[in-house]
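The values are calculated or read from the model by the stated rules, or taken from the named source; none is laboratory data. The shown structure was predicted, so the numbers you read here are calculated from the model rather than taken from an experiment. Cβ placement follows ideal geometry from the backbone for every residue including glycine, while neighbour counts extend to all protein chains displayed.
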Amino acid sequence: MTERTCLAVVLAAGEGTRMKSERSKVLHAVAGLPMIGHVVAAVEAAGVEDVALVIGRDGDAVSAAASSGAARISTHLQTERLGTGHAVLAAREAIARGYDDVLVLFGDTPLLLPDTLKAARAALADGADVTVIGFNTDKPTGYGRLLERDGALVAIREEKDASEKERAVTFCNGGLMAIRGGDALTLIDAIGNDNAKGEYYLTDIVEIVRARGGSAVAIEAPAEQLMGVNTRAELAVAEAVWQARRRQTLMLSGVTMIAPETVFLAHDTVIEPDAVIEPNVVFASGVTVRGGAVIHPFCHIEQSEIGPGAQIGPFARLRPGSKLGAGSKVGNFCEVKKSVVGEGAKINHLSYIGDAQIGAKANIGAGTITCNYDGTNKHLTEIGAGVFVGSNTSLVAPVSIGEGAYIASGSVITENVEADALALARARQTAKPGRARDIRARNAALKERKQGKS
Ligand code: UD1
Ligand code: MG
């Protein structure tokens, strides 16, 4: 069978007033990715090559958020909102290019999965002219009802236009439709607005295609996938469903999570099998965790790579550009930013490491700070393999510490240190015998004098 061509028309021109937002609804994120990005990713994963976005505002931002993968994306402005049938026609130019299949879906359904899109297309390949994805629910209020007879879909009735008997139907329109491409414009152009809302209902094409001797079918999908987000509360529900789904996928792929419900993943988080994620860990975008790595509790990680067998936390923060080598360790209350940490190197306690390169097996003592910023520019700190940095050291960048060097605790290092050298940069200790006793006596006398006065 030759590949069927496909255009996906994604409707996203709605006002989204219930979000109470300055931004278009579809720009609000689930797992760090705008909803429109999830929808387009599902479309791409279903093998669709062209996407037509129908938008009402924030055009540039919406198309930027949508275009991450392989699909060619065009945007089409719907200037007046006259209904879903009218919205699809905003993409007339794209549909007219001629496709075997035209998918119509909504931009606010971030939980949709590629297999459901494939199922809608497969029914077209099997001979249907229109396919509608439906779901069953005990709360059908507000949805269009799918009216079937002898296995065929005969009509979609919107709530406001439905009879009492039709309202009792619990099989509802999920809003996802596949239309035979060659007929799509003819069918949609035939839609009128003679209904309770005075809108052009896309759903009318079911009756239109049948009146012309064509066929329509409904396919059931899980309600969860078709959930549309209208409010911030629903956005949080979608987030929870997405998180639960991804945690499950990761655990089944070999990742250990002790309390999965406390681990928050981003849309692009990669965790390899045999990594262990302990409770209360937050992954922002761009993180890869290699096999055997252990993330202890309460870490926040963003745009970083954690090498095989590395360990971080508890309470570690990895900021963008951190790359931890195999078996390295970043311990409690450490912050690492834009730094490469060599194999087996250790930054165990209370440190800030920014704009640094740390060689293999280096040991960074407690409270080490890279002073990477002079108020204007950022500077690099280079620490060679096997270096030992004593506790409470400030490394004033740009500065370079040669391999195997030893930095005495409490040093403020402003100049490069040669390999294998010992660097001390702190005041020399002096001791005054008996002076502590003298100070105590003086202080006690002072206190007595004050009490005598009062
Ligand atoms: C629609 C369906 C209904 C289905 C429900 C599922 C129609 C007539 N009804 O109803 O059968 O059960 O979705 O959620 O299709 N949009 C535009 N421009 C417009 C109108 C809408 O872009 O002029 C977009 C919206 O941004 C939204 C989508 O189309 O993404 C659906 O519109 P909405 O008004 O929510 O339709 P419903 O009344 O929910
Ligand atoms: Mg709706």
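Looking at Leu153, Leu124, which one is buried (at least 21 other Cβ atoms within 10 Å of the Cβ), more than 10 Å from ligand 1 (Cβ to nearest atom), over 32 Å from the mean Cα position of the chain (by Cα) and closer than 15 Å to Leu7 by Cα?
None of the others qualify; the one that does is Leu124.
Say we look at segment 1-43 and pick out the residues that are in contact (Cβ under 8 Å) with a residue 60 or more places away in the chain and among the charged types (D, E, K, R); which of these is nearest to Ser285 (Cα to Cα)?
So the residue we want is Lys25.
Only one of these conditions is not met by Ser24: (1) modelled with pLDDT of 95 or more; (2) crowded, with 20+ Cβ neighbours inside 10 Å; (3) not hydrophobic (A, V, I, L, M, F, W, C). Which number is it?
With respect to (1) modelled with pLDDT of 95 or more; (2) crowded, with 20+ Cβ neighbours inside 10 Å; (3) not hydrophobic (A, V, I, L, M, F, W, C), Ser24 is out only on (1).
Which residue, of Ile205, Ile191, is assigned to a loop (DSSP other than H, G, I, E, B) and more than 16 Å from ligand 2 (Cβ to nearest atom)?
Residue meeting the stated conditions: Ile191.
Is segment 142-162 home to any residue that is in contact (Cβ under 8 Å) with a residue 40 or more places away in the chain and assigned to a helix (DSSP H, G or I)?
Checked segment 142-162: no residue is in contact (Cβ under 8 Å) with a residue 40 or more places away in the chain and assigned to a helix (DSSP H, G or I).
Can you give me the number of residues within segment 69-93 that are within 31 Å of the chain's Cα centre (by Cα) and part of a loop (DSSP other than H, G, I, E, B)?
9
Determine whether Leu89 is touching an Asp or Glu at 6+ places or on another chain (Cβ under 8 Å) and at negative phi.
Against the criterion (touching an Asp or Glu at 6+ places or on another chain (Cβ under 8 Å) and at negative phi), Leu89 qualifies.
Please work out which residue is nearest to Ile295 (Cα to Cα), limiting yourself to segment 223-243 and to residues that are surrounded by 14 or more Cβ atoms within 10 Å (Cβ to Cβ) and charged (D, E, K, R).
Checked segment 223-243; the qualifying residue nearest to Ile295 (Cα to Cα) is Glu239.
Let me spell it out: the conditions are (1) in a loop (DSSP other than H, G, I, E, B); (2) at pLDDT 95 or above; (3) not hydroxyl-bearing (Ser, Thr, Tyr), and Met1 meets all of them except one. Which number is the exception?
(2)
Give the residues of segment 221-234 that are within 14 Å of ligand 1 (Cβ to nearest atom) and not in a loop (DSSP other than H, G, I, E, B), sorted by residue number.
Within segment 221-234, Ala223, Glu224, Gln225, Leu226, Glu234 qualify.
Condition first: hydrophobic (A, V, I, L, M, F, W, C) and surrounded by fewer than 10 Cβ atoms within 10 Å (Cβ to Cβ). Now tell me which residues in segment 411-435 satisfy that.
Ala427, Ala431
Within segment 402-416, is even one residue of a type in the set (D, E, K, R) and more than 20 Å from Leu324 (Cβ to Cβ)?
Checked segment 402-416: at least one residue is of a type in the set (D, E, K, R) and more than 20 Å from Leu324 (Cβ to Cβ).
Looking at Ala61, Ala42 in this structure, which one is assigned to a helix (DSSP H, G or I), modelled with pLDDT of 95 or more and away from ligand 2 (no atom under 16 Å from the Cβ)?
Checking each option against the conditions leaves just Ala42.
Taking only segment 244-271 into account, find how many residues are crowded, with 18+ Cβ neighbours inside 10 Å, in contact with a strand residue (DSSP E or B) (Cβ under 7 Å, 6 or more places away or on another chain) and in a helix (DSSP H, G or I).
Summing the residues that are crowded, with 18+ Cβ neighbours inside 10 Å, in contact with a strand residue (DSSP E or B) (Cβ under 7 Å, 6 or more places away or on another chain) and in a helix (DSSP H, G or I) in segment 244-271 gives 2.
Against the definition (assigned to a helix (DSSP H, G or I), surrounded by 15 or more Cβ atoms within 10 Å (Cβ to Cβ), within 16 Å of ligand 2 (Cβ to nearest atom) and in contact (Cβ under 8 Å) with a residue 40 or more places away in the chain), how does Gly134 come out, yes or no?
So Gly134 fails the test.
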